[in-house]
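Below is one structure, written out as structure tokens; comments come after it.
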Amino acid sequence: MPEISRDEVAHLATLARIELSDAELDHLAPQLSVILESIASIAEVAAADIPPTSHAVPLTNVFRADEPRPGLTAEQALSGAPEAEQQRFAVPRILGDEQ
Amino acid sequence: MSTQTADTLLSFEEALERFDPAMGLEVHVELNTVTKMFCGCSTEFGAEPNTQTCPTCLGLPGSLPVVNGKAVESAIRIGLALNCEIAEWCRFARKNYFYPDMPKNFQTSQYDEPIAFDGWTEVTLLDGEGAGETFRVEIERAHMEEDTGKSLHVGTSGRIHGADYSLVDYNRAGIPLIEIVTRPITGAREKAPAVARAYVAHLRDLLLGLGVSDVRMEQGSLRCDVNLSLAPRVSAGSTTDVPLGTRTETKNVNSLRSVERAARYEISRQAAILVEGGSVLQETRHWHEDTGITTSGREKSDAEDYRYFPEPDLVPVAPSRAWVEELRATLPEPPREHRARLQALWGFADLEMRDVVAAGAIPVIEATVAAGTTPQAARKWWLSDLARRANEQGVDLSDLPITPEQVARVQALVDEGALNDKLARQVIDGVVAGEGDPDAVVAARGLAIVSDEGALGDAVDRAIEANPDVAAKIRDGKVAAAGALIGVVMKDMRGQADAGRVRELIIEKLS
């Protein structure tokens with residue numbers, strides 16, 4: 001039976017840049033375990049004759065021709081940016097807290 | 001923290017007496033497709049920031065990627081040129097990480113199903129010790145992925161550490177990349193740095209021959225990460241397997257020379273730690289071109305837990321065997337065979353060919369010969385004046401502002417007797433300075449040889465008159481003295497005379 005520990009949830013939260021309080025960790029860890037458990041039940045019906053799949057449709061080789069298509073202008077691209085400078089996206093200092 | 005303090009180093013020679021280096025080279029090559037890997041945005045280099053983006057490469061909600069078929073074709077051809085197996089079926093995967101150079105918060109890459117794997121290539125050492133020696137490099141995999149955006153770090157240091165904030169341009173985000181990964185290269189010992197350099201040079205030639213990339217290291221379309229570790233040296237002939245040591249990964253080494261220097265530096269640095277009984281930290285290191293050292297970067301930590309999973313927005317790539325064979329038939333002659341064939345064709349001695357290869361002059365000489373110049377004349381121009389210029393400017397020969405056709409035209413003018421070598425050099429100066437084609441430079445600078453026999457004869461007469469002693473010697477049969485008079489005439493004619501003809505005239509007049 002898959003189980004996800006409180007430490008693992010804390011680790012995932014860090015990776016996902018989500019700040020969780022101790023109380024939230026206590027609350028979420030068992031919930032995530034239940035979700036994992038439910039999904040794991042699929043393994044019970046997936047017999048050896050059912051190949052694992054990552055896609056809902058049985059397609060391969062969907063390719064696009066190497067032909068340019070108009071995209072966004074710089075103004076459009078930057079319109080959703082909280083901050084922009086020199087026609088670039090301004091982002092908080094990288095690796096500020098030594099990730 | 002960034003550690004800029006000087007590392008303790010062991011001399012390269014001593015390091016090699018005690019340790020054997022193992023290297024793994026990761027080369028990222030940007031493909032020269034017209035559009036990005038998963039969207040139709042242009043890939044042109046040097047555009048204004050954020051003018052080549054769309055909802056897909058910006059990772060906006062609701063956008064869907066579609067694979068660039070041409071990029072898959074290039075990936076397969078690269079795999080085949082590296083003697084790889086081509087996957088019958090493979091998928092893209094999401095490499096999840098939070099770093100603003102990827103607006104999607106993941107990079108679409110390949111994980112355990114690379115399109116090409118289990119290959120090899122052979123690398124020939126060019127200069128220094130062991131020149132001509134061949135090393136076989138095993139290729140672990142070549143996989144498809146996308147490039148990241150370009151960050152500009154604003155702040156005091158200009159580097160990541162200590163930056164106050166960063167500015168990102170996503171024009172580069174999504175450009176098709178192929179990552180080519182070697183298996184550990186062992187047994188090269190003191191030649192390891194040279195092998196690393198030769199391998200990257202070899203890949204560059206191979207990719208250029210395939211026509212799949214611009215392979216311009218200075219523009220970042222070919223980048224190399226050098227993984228290096230040391231293991232205690234085993235005596236020759238020992239069959240004991242010594243496990244690999246802890247490795248460091250030196251990132252984005254962006255010139256052939258730097259590949260070699262960075263490998264040498266890491267060997268000396270790691271050896272100094274190990275002889276003191278310390279242990280090498282597994283980490284990313286940054287190469288500093290200016291000071292020739294590496295410094296500590298991010299430590300590999302759980303921040304690099306990428307949680308790969310199959311990309312649900314893209315369907316698998318399953319190249320049919322027929323397609324693979326069709327692409328195999330398009331492969332050009334491999335660089336080594338190509339070199340051997342050209343050497344025979346051009347009649348160059350081994351040493352001459354080695355210099356040509358080392359200067360990266362094969363393509364330009366080929367084009368100059370195609371434009372009608374003899375191979376030796378083409379070699380002379382590209383390996384003397386032009387190689388020196390390229391070297392001074394730190395660019396490739398092909399990046400100089402003179403084309404093989406223009407060099408061929410200059411040589412044609414020499415062959416016609418319209419220019420001598422000295423004038424030809426000035427014409428090349430003019431072309432490189434942007435004064436136009438060789439003929440335009442000749443006209444504008446008035447550089448053609450004076451073929452007016454009358455003017456030449458007058459100059460010879462003046463020289464004889466001004467140097468009666470020398471003239472007397474020549475009259476007495478000391479023909480060698482003519483050199484002094486030729487010099488005087490050439491100076492009088494401002495170099496615009498055919499020295500051979502001047503000599504003939506002097507001898508004629510004084511015999």
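The values are calculated or read from the model by the stated rules, or taken from the named source; none is laboratory data. Here the structure is a predicted model, which is why all the values come from computation and not from measurement. Here Cβ is always computed from backbone atoms with ideal geometry, including for glycine, and neighbour counts include all displayed protein chains.
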| request: For segment B:37-64, name all the residues that are in contact with a strand residue (DSSP E or B) (Cβ under 7 Å, 6 or more places away or on another chain) and in contact (Cβ under 8 Å) with a residue 60 or more places away in the chain. | output: B:M37, B:F38, B:C41, B:T43, B:P49, B:N50, B:Q52, B:T53
| Is it the case that segment B:279-299 has a residue that's in contact with a Ser or Thr (Cβ under 7 Å, 6 or more places away or on another chain), without any contact (Cβ under 8 Å) to a residue 24 or more places away in the chain, part of a strand (DSSP E or B) and more than 14 Å from chain A (Cβ to nearest Cβ)? | yes
| If you go through segment B:28-79 one residue at a time, how many are of a type in the set (K, R) and under 23 Å from the mean Cα position of the chain (by Cα)? | 1
| List pairs: first in segment B:341-355 and in the same structural domain as B:A377 (by TED's automatic domain parsing), second among the β-branched types (V, I, T) and surrounded by 11 or more Cβ atoms within 10 Å (Cβ to Cβ), Cβ under 6 Å, 6+ apart or cross-chain? | none
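Condition first: among the β-branched types (V, I, T) and either within 30 Å of A:T14 (Cα to Cα) or modelled with pLDDT under 80 (or both). Now tell me which residues in segment A:51-99 satisfy that.
Our first condition is that a residue be among the β-branched types (V, I, T); within segment A:51-99, this holds for A:53, A:57, A:60, A:62, A:73, A:91, A:94.
Result: A:T53, A:V91, A:I94.
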| Can you tell which of B:A378, B:A358 is in contact (Cβ under 8 Å) with a residue 24 or more places away in the chain and within 22 Å of B:Q426 (Cα to Cα)? | B:A378
| field | segment B:302-334: number of residues that are over 26 Å from B:G59 (Cα atoms) and either modelled with pLDDT of 90 or more or of a type in the set (G, A, S) (or both) | value | 14
| note | Restricting attention to segment B:64-86, the residues that are away from chain A (no Cβ under 11 Å) and either assigned to a loop (DSSP other than H, G, I, E, B) or surrounded by fewer than 16 Cβ atoms within 10 Å (Cβ to Cβ) (or both) number exactly 4
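Could you tell me which residue of segment B:37-63 is nearest to the other protein chains (Cβ to nearest Cβ), considering only residues that are assigned to a loop (DSSP other than H, G, I, E, B) and among the small types (G, A, S)?
Top of the filtered list is B:G40.
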| Counting only residues that are outside any loop (DSSP other than H, G, I, E, B), surrounded by fewer than 11 Cβ atoms within 10 Å (Cβ to Cβ) and within 14 Å of another protein chain (Cβ to nearest Cβ), how many does segment A:16-68 have? | 1
| query | Tell me, which residue of segment B:322-339 that is without any contact (Cβ under 8 Å) to a residue 12 or more places away in the chain and over 26 Å from the mean Cα position of the chain (by Cα) is surrounded by the most Cβ atoms within 10 Å (Cβ to Cβ)? | reply | B:E326
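Could we say that B:H153 is within 30 Å of B:E13 (Cβ to Cβ), buried (at least 18 other Cβ atoms within 10 Å of the Cβ) and not aromatic (F, W, Y) here?
Working: within 30 Å of B:E13 (Cβ to Cβ): no; buried (at least 18 other Cβ atoms within 10 Å of the Cβ): yes; not aromatic (F, W, Y): yes.
No: the conditions fail for B:H153.
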| task | Could you tell me which numbered condition B:E366 fails, if it satisfies all but one of (1) over 30 Å from B:W89 (Cα atoms); (2) in contact with a Phe, Trp or Tyr (Cβ under 7 Å, 6 or more places away or on another chain)? | result | (2)
| Any idea which residue in segment B:214-236 is farthest from B:R261 (Cα to Cα), counting only those that are among the polar types (S, T, N, Q) and out of contact with any Gly (no Cβ under 9 Å at 6 or more places or on another chain)? | B:S235
| Which of (1) β-branched (V, I, T); (2) modelled with pLDDT of 85 or more; (3) over 21 Å from B:Q411 (Cα atoms) does B:V479 not meet, given it meets every other one? | (2)
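For (1) closer than 15 Å to B:G372 by Cα; (2) not aliphatic (A, V, I, L, M), each residue gets a yes or a no:
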residue: B:P401; (1), (2): no, yes
residue: B:V410; (1), (2): yes, no
residue: B:G417; (1), (2): no, yes
residue: B:R425; (1), (2): no, yes
residue: B:V432; (1), (2): no, no
residue: B:A440; (1), (2): no, no
| said: Name the single residue that is surrounded by the fewest Cβ atoms within 10 Å (Cβ to Cβ) among those in segment A:81-92 being facing chain B (nearest Cβ under 8 Å) and in a loop (DSSP other than H, G, I, E, B). | reply: A:Q86
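Only one of B:S229, B:S221 is modelled with pLDDT of 90 or more, more than 21 Å from the chain's Cα centre (by Cα) and more than 14 Å from chain A (Cβ to nearest Cβ). Can you tell me which?
B:S229
If I filter segment B:426-438 for residues that are more than 30 Å from B:Q219 (Cβ to Cβ) and touching a Leu at 6+ places or on another chain (Cβ under 8 Å), do I get at least one hit?
Kept after step one, since they are more than 30 Å from B:Q219 (Cβ to Cβ), are these residues of segment B:426-438: B:426.
Now drop any that are not touching a Leu at 6+ places or on another chain (Cβ under 8 Å), which leaves B:426.
Yes.
Can you find a residue in segment B:134-142 that is at pLDDT below 85 and part of a strand (DSSP E or B)?
Initially, segment B:134-142 is screened for residues at pLDDT below 85, giving none.
No, every residue in segment B:134-142 fails to be at pLDDT below 85 and part of a strand (DSSP E or B).
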| message | Tell me whether segment B:446-464 contains one or more residues that are within 28 Å of the chain's Cα centre (by Cα), buried (at least 17 other Cβ atoms within 10 Å of the Cβ) and assigned to a helix (DSSP H, G or I). | response | no
